[in-house]
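Accompanying notes for the structure given below.
The values are calculated or read from the model by the stated rules, or taken from the named source; none is laboratory data. Given the structure is predicted, the values throughout are model-derived calculations rather than measurements. Here the Cβ positions follow ideal geometry from the backbone for every residue, glycine too, while neighbour counts run over all protein chains shown.
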């Protein structure tokens, strides 16, 4: 009788551990990969060597441009940024899309603010009517991950030179 209880307890503990591990896997990078509409962003994050950072503890708020947003850039821009010799510029562009902390849409509703990005520059957010970040519109907000939140945007935003 006691042996069954030990086995049952071990199975329950193992199931809970597996569930906790599965929940931990839903970080910003894994969430972007599974969405299927951020292939260019994920490729850029890999090329910039930022995967481990965005899989880290965070929390991070990522304004994530879709593949369609990257297509709006001038021809050759993405390919140029992905070249090894342009890694620093790529890192600057990508980290400009990240704000430290977990900022939900409800936290900024009705406000205009200029938070500092991970890149170091301030970005203009206008949440007085919808949400705009610089020249991009947030098309889907509050995709919660284990280490932050993703807000989908319809354009790539670029730091001021």
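Details
- The criterion of at least 1 residues that are in contact (Cβ under 8 Å) with a residue 24 or more places away in the chain, under 17 Å from residue 138 (Cβ atoms) and in contact with a helix residue (DSSP H, G or I) (Cβ under 9 Å, 6 or more places away or on another chain) is met, among helices (runs of 4 or more DSSP H) falling completely within the stretch 38-118, by 39-48, 67-71.
- Of all residues assigned to the stretch 132-145, at least one qualifies as being touching a residue at least 12 places away in the same chain (Cβ under 8 Å), surrounded by 20 or more Cβ atoms within 10 Å (Cβ to Cβ) and out of contact with any strand residue (DSSP E or B) (no Cβ under 6 Å at 6 or more places or on another chain).
- Taken as a whole, the condition of being farther than 17 Å from residue 46 by Cα and touching a helix residue (DSSP H, G or I) at 6+ places or on another chain (Cβ under 6 Å) applies to residue 127.
- Test: residue 14 is at pLDDT below 95, in contact with a strand residue (DSSP E or B) (Cβ under 7 Å, 6 or more places away or on another chain) and either more than 22 Å from residue 134 (Cβ to Cβ) or not in a helix (DSSP H, G or I) (or both): no
- Counted residues, the stretch 126-138 - those being within 25 Å of residue 48 (Cα to Cα) and either modelled with pLDDT of 95 or more or part of a helix (DSSP H, G or I) (or both): 5
- Qualifying residue in the stretch 58-81 (condition: within 18 Å of residue 34 (Cβ to Cβ), modelled with pLDDT under 95 and surrounded by 14 or more Cβ atoms within 10 Å (Cβ to Cβ)): yes
- If the condition is being over 16 Å from residue 139 (Cβ atoms) and either in contact with a helix residue (DSSP H, G or I) (Cβ under 8 Å, 6 or more places away or on another chain) or at pLDDT 95 or above (or both), then the stretch 23-37 contributes 27, 28, 29, 33.
- For the stretch 83-106, taking the residues that are crowded, with 20+ Cβ neighbours inside 10 Å and touching a strand residue (DSSP E or B) at 6+ places or on another chain (Cβ under 8 Å), the one that is nearest to residue 131 (Cα to Cα) is identified as 103.
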